[in-house]
């Protein structure tokens, strides 16, 4: 007898979907790495001995800064309380610094209360960025920031 | 569906999926109605090799992840210089399996 296809019989596990656990682990790891990195760099930054760090592949290979070059120095200036020079280094540092501060607290709150507010926010923002009216200006801003980085010679 | 068509689909599109997906795909296609064949043919899949090249060249900017549709991860890579360079290197190895998984999800959506 010929078997008839039924959608309900499809049961392939969906590995590629970002689960709550995966996302929270990834973001927490990223934030921890970020704070450790800032912790290592901060004493050097304060004493003015910070060298060009050279973790950026683009900067290493082409000697041209990438759009997010200067973010470490920007966050370091933020930690130091120097908001103006933080903006001067790289405006993305404000975004990264805010995220590094807020997301661990948000995720902890979610985990403690067994809620899913952060992943809902992540998915909503991701969907939002797929619209050309948001993605277009965002890309333009990143490109403008990149041009500024190149002009500054970071 | 006709076995010949199923095998044609598998031969043409095998590179877009993981080897362990193919048995399951074949099983699903055999059960599929012939009327679904044009829809199945029209579905476009992302080439893992292309994504690998993009990852090698623009991985630090997160372009590979944007292309895959993982906008959140793309922004994450962009803001962190490719995860301090480490994530970029990990993605050189991860992007091809991730692309195949995405293709699998696209195939699954087609059937659903």
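The values are calculated or read from the model by the stated rules, or taken from the named source; none is laboratory data. The shown structure was predicted, so the numbers you read here are calculated from the model rather than taken from an experiment. All Cβ positions, even for glycine, are placed from backbone atoms using ideal geometry, and neighbour counts span all protein chains on display.
What to note about this one:
- So residue A:43, is it more than 30 Å from residue B:105 (Cα to Cα) and at pLDDT 90 or above: no
- Of all residues in the stretch B:55-76 being in a helix (DSSP H, G or I) and touching a residue at least 24 places away in the same chain (Cβ under 8 Å), the one that is surrounded by the most Cβ atoms within 10 Å (Cβ to Cβ): B:64
- Hey, residue A:73 farther than 30 Å from residue B:56 by Cβ, modelled with pLDDT under 90, surrounded by 14 or more Cβ atoms within 10 Å (Cβ to Cβ) and within 18 Å of the chain's Cα centre (by Cα) or not: no
- Complete set of residues in the stretch B:93-103 that are under 12 Å from residue B:44 (Cα atoms) and more than 7 Å from every other protein chain (Cβ to nearest Cβ): B:103
- When residues of the stretch B:79-88 are limited to those that are surrounded by fewer than 22 Cβ atoms within 10 Å (Cβ to Cβ) and at the interface with another protein chain (Cβ under 7 Å from one of its Cβ atoms), the one farthest from residue A:68 (Cα to Cα): B:85
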